[in-house]
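The values are calculated or read from the model by the stated rules, or taken from the named source; none is laboratory data. Everything quoted here is computed from the prediction, not taken from an experiment. In this analysis, Cβ positions are derived from the backbone assuming ideal geometry, glycine residues included, and neighbour counts consider all displayed protein chains.
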There are 6 protein chains.
Amino acid sequence: MTFTVTVRDHIMIAHSFTGEMFGPAQRLHGATFVVDASFRASELDSDGVVVDIGLASEVLAEITGALTYRNLDDEPEFAGVNTTTERLCQVIADRLAERVADGRLGASAARLSSIEVTLHESHIAWASYEREV
Amino acid sequence: MTFTVTVRDHIMIAHSFTGEMFGPAQRLHGATFVVDASFRASELDSDGVVVDIGLASEVLAEITGALTYRNLDDEPEFAGVNTTTERLCQVIADRLAERVADGRLGASAARLSSIEVTLHESHIAWASYEREV
Amino acid sequence: MTFTVTVRDHIMIAHSFTGEMFGPAQRLHGATFVVDASFRASELDSDGVVVDIGLASEVLAEITGALTYRNLDDEPEFAGVNTTTERLCQVIADRLAERVADGRLGASAARLSSIEVTLHESHIAWASYEREV
Amino acid sequence: MTFTVTVRDHIMIAHSFTGEMFGPAQRLHGATFVVDASFRASELDSDGVVVDIGLASEVLAEITGALTYRNLDDEPEFAGVNTTTERLCQVIADRLAERVADGRLGASAARLSSIEVTLHESHIAWASYEREV
Amino acid sequence: MTFTVTVRDHIMIAHSFTGEMFGPAQRLHGATFVVDASFRASELDSDGVVVDIGLASEVLAEITGALTYRNLDDEPEFAGVNTTTERLCQVIADRLAERVADGRLGASAARLSSIEVTLHESHIAWASYEREV
Amino acid sequence: MTFTVTVRDHIMIAHSFTGEMFGPAQRLHGATFVVDASFRASELDSDGVVVDIGLASEVLAEITGALTYRNLDDEPEFAGVNTTTERLCQVIADRLAERVADGRLGASAARLSSIEVTLHESHIAWASYEREV
């Protein structure tokens with residue numbers, strides 16, 4: 001038995017990729033990533049929720065706020081890394097997991113079993129990353 | 001190997017929540033929930049289906065029909081319960097599982113391994129519940 | 001030649017309808033309305049925009065904020081009125097037009113020719129209202 | 001009486017805006033624009049179509065192909081211009097209209113009355129531009 | 001000032017096209033058409049609606065019910081006609097207009113100014129037809 | 001920890017079903033299937049991707065190209081088989097798995113753990129099939 005709650009946000013970033021397989025995407029270009037953050041637990045808390053959806057939205061907005069309207073090629077944290085859609089899913093999921101660990105999503109969030117982040121890069125392509133918390 | 005078939009319906013309900021964390025949602029308000037019911041099995045039956053999709057749609061419509069156009073705060077079955085999105089996923093999934101158990105979805109449905117119900121409450125938030133059958 | 005810019009928000013309200021034609025919707029129920037507000041002009045301003053999209057989003061959020069998480073049957077402004085989807089489109093469009101008139105959307109907004117508001121009540125039904133400004 | 005046919009494609013670009021009203025979007029960032037190109041006519045041709053949809057898709061792909069995977073700040077054609085969503089709608093619509101004029105969309109396209117281009121920049125914002133041909 | 005109400009349904013048909021421009025679509029193939037029927041009026045009736053949405057859905061279902069699960073190449077009414085997406089929009093819109101004319105959509109429908117029908121044939125292509133009533 | 005990348009395409013086919021439970025779908029009809037192909041791996045390769053998304057799209061297009069614009073009732077490979085939505089998911093997933101096995105998706109694809117294919121047959125029904133690779 002698994003309950004999941006998902007909230008959506010988005011980021012608009014510039015970046016480029018290193019590696020022949022990326023073809024024209026080796027040039028500086030950009031993307032809107034519609035970001036879906038899912039929180040999973042096997043039981044609901046006493047309020048009947050997986051996680052405080054208000055807090056979840058706030059925390060997701062903090063994380064997307066630190067990424068959006070930037071050229072990721074210039075961000076020191078991504079030096080030498082291809083910021084592919086799947087990699088950015090992991091980055092956001094890991095940051096959400098840190099917030100769970102430090103109590104930022106409330107006490108109920110301690111019961112969470114996993115987090116999944118999906119980034120939609122267009123109407124024909126998207127990626128996701130799921131990890132335990 | 002897992003096959004899944006999903007059908008979509010919706011409900012339009014009023015309700016309110018108890019608990020400070022719900023903020024303005026403690027007031028009587030409402031929601032359209034777009035309801036996705038997924039049926040899973042590891043093999044197809046001799047007709048090549050997971051479940052009779054016509055029956056599945058009918059049964060889902062019976063269940064949503066008993067919830068829609070109501071104020072859930074006035075329904076005895078939800079007395080003392082916060083009818084959160086995730087809770088309503090569970091309610092609908094459990095009712096579908098009962099119909100599977102009593103043969104209402106046809107003999108093939110006995111092969112189903114699990115049911116998942118997702119309720120979309122807006123373009124930026126949704127929840128789901130998955131259980132075995 | 002017409003340029004249009006649209007921003008999306010949502011409200012979650014309870015209400016009921018008066019009139020036999022509404023059938024079960026005469027009972028207190030609710031809806032999520034995904035709200036699309038469109039602004040039209042025949043030319044762009046010197047910044048290359050129809051309207052300041054940041055201001056447009058803020059103003060739309062003020063208007064939806066005054067409607068959401070409420071039982072519209074209890075709001076004096078809707079006394080004796082069926083708050084149908086099409087009527088609520090008009091209410092929101094008229095409030096947007098007032099904000100344009102009082103300068104709240106910036107000086108460029110004076111060039112706007114019309115406003116259209118669409119409310120999606122489910123995956124199978126929506127309504128809209130277009131008016132001049 | 002108006003017939004419309006629409007085809008969808010997308011571009012992924014980097015750019016920045018000039019002007020205080022753009023706030024953080026003054027920084028180099030990027031966007032996926034999902035591009036909808038609509039062709040309108042008051043009558044169908046003898047084949048029963050508004051325009052050869054195969055040709056329309058090809059021509060749209062040529063136009064998006066010349067824009068995608070680029071930093072628009074570096075393209076001479078956009079020097080000194082804010083490449084806002086609404087402006088890019090106009091650029092693409094004008095290029096489509098040129099192709100209609102030079103016969104690239106086939107003889108039937110001479111009957112087209114107007115073209116509309118919509119660019120979706122996220123799940124909560126989009127813009128469009130309609131012009132005669 | 002224009003109010004619009006839209007309801008959605010769908011049909012699943014087989015057909016083929018005559019004419020070289022259709023390429024592989026000259027072969028017998030098929031399509032799901034998601035059908036959006038829009039009703040427009042400049043004023044709401046005394047109940048606050050454009051049209052009785054229950055009746056509109058029923059009438060649309062009657063019309064789609066007479067088309068769906070058929071090979072349109074075998075239907076006498078389409079003999080010698082390419083049943084393109086845009087043509088089928090017109091067929092459905094004309095049938096809706098007939099129902100308005102014969103009172104099937106209720107007395108209020110006499111105030112309708114126009115009907116628009118959109119058929120989505122895939123996630124990247126759709127067509128529509130608008131006519132007066 | 002699971003990474004997933006998904007690409008979308010579509011097919012437009014005619015077919016009919018054998019078996020009373022299919023009701024009117026026993027008649028020759030058709031469908032647009034919007035096809036989502038998902039590739040899963042527990043780790044990214046040295047380029048930071050699950051699979052070369054360009055290759056994945058190409059291979060999916062080859063597979064859909066061999067199915068689209070056809071009457072599946074006439075295809076020898078489907079003789080005696082109901083080409084239900086769930087069955088077609090399996091057909092496409094198995095063909096993708098073959099391409100992975102024969103190296104067509106690149107060396108990195110050897111790390112893939114599973115493939116899932118989802119076919120959307122309308123706005124209210126879809127199916128999927130997941131298998132190991």
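You will find that of C:LEU88, C:LEU44, C:LEU67, the residue that is under 28 Å from A:HIS10 (Cα atoms), touching an Asp or Glu at 6+ places or on another chain (Cβ under 7 Å) and of a type outside the set (D, E, K, R) is C:LEU44 and no other. The set of residues in segment E:80-133 being among the aromatic types (Phe, Trp, Tyr) and within 10 Å of the chain's Cα centre (by Cα) consists of E:TYR129 alone. A search for C-beta distances below 6 Å between a residue of segment A:86-103 that is within 14 Å of another protein chain (Cβ to nearest Cβ) and farther than 17 Å from A:SER57 by Cβ and any residue that is crowded, with 19+ Cβ neighbours inside 10 Å and of a type in the set (Gly, Ala, Ser), counting only pairs 6+ apart in sequence or on different chains, returns A:GLU86/A:ALA127; A:ARG87/F:GLY48; A:CYS89/A:ALA127; A:CYS89/A:SER128. Of all the listed residues (F:THR64, F:THR84, F:THR68), the sole one being closer than 24 Å to A:SER122 by Cβ and buried (at least 20 other Cβ atoms within 10 Å of the Cβ) is F:THR68. Residues of segment D:97-118 include at least one that is touching a Leu at 6+ places or on another chain (Cβ under 7 Å), of a type outside the set (A, V, I, L, M, F, W, C) and under 24 Å from D:GLU43 (Cα atoms). Of all residues in segment C:3-53 being polar (S, T, N, Q) and under 20 Å from the mean Cα position of the chain (by Cα), which is surrounded by the fewest Cβ atoms within 10 Å (Cβ to Cβ)? Filtering segment C:3-53 for residues that are polar (S, T, N, Q) and under 20 Å from the mean Cα position of the chain (by Cα), the one surrounded by the fewest Cβ atoms within 10 Å (Cβ to Cβ) comes out as C:SER16. Checking the stated criteria, E:ALA127 turns out to be within 14 Å of chain D (Cβ to nearest Cβ), buried (at least 20 other Cβ atoms within 10 Å of the Cβ) and not in a loop (DSSP other than H, G, I, E, B). The residue that is nearest to E:GLU58 (Cα to Cα), among those in segment C:106-124 that are at pLDDT 95 or above and either part of a loop (DSSP other than H, G, I, E, B) or among the aliphatic types (A, V, I, L, M) (or both), is C:ILE124. Against the list (1) within 14 Å of chain F (Cβ to nearest Cβ); (2) under 30 Å from C:TYR129 (Cα atoms); (3) assigned to a strand (DSSP E or B), the condition E:ALA61 fails is (3).
I'm trying to understand the selection: among the residues of segment F:19-58, which are away from chain E (no Cβ under 14 Å), out of contact with any Phe, Trp or Tyr (no Cβ under 7 Å at 6 or more places or on another chain) and β-branched (Val, Ile, Thr)? Those that are away from chain E (no Cβ under 14 Å), out of contact with any Phe, Trp or Tyr (no Cβ under 7 Å at 6 or more places or on another chain) and β-branched (Val, Ile, Thr): F:VAL49, F:ILE53. The requirement of being among the β-branched types (Val, Ile, Thr), facing another protein chain (nearest Cβ under 9 Å) and free of Cβ contacts under 8 Å to residues at least 12 places away in the same chain is fulfilled somewhere in segment B:73-85, by at least one residue.
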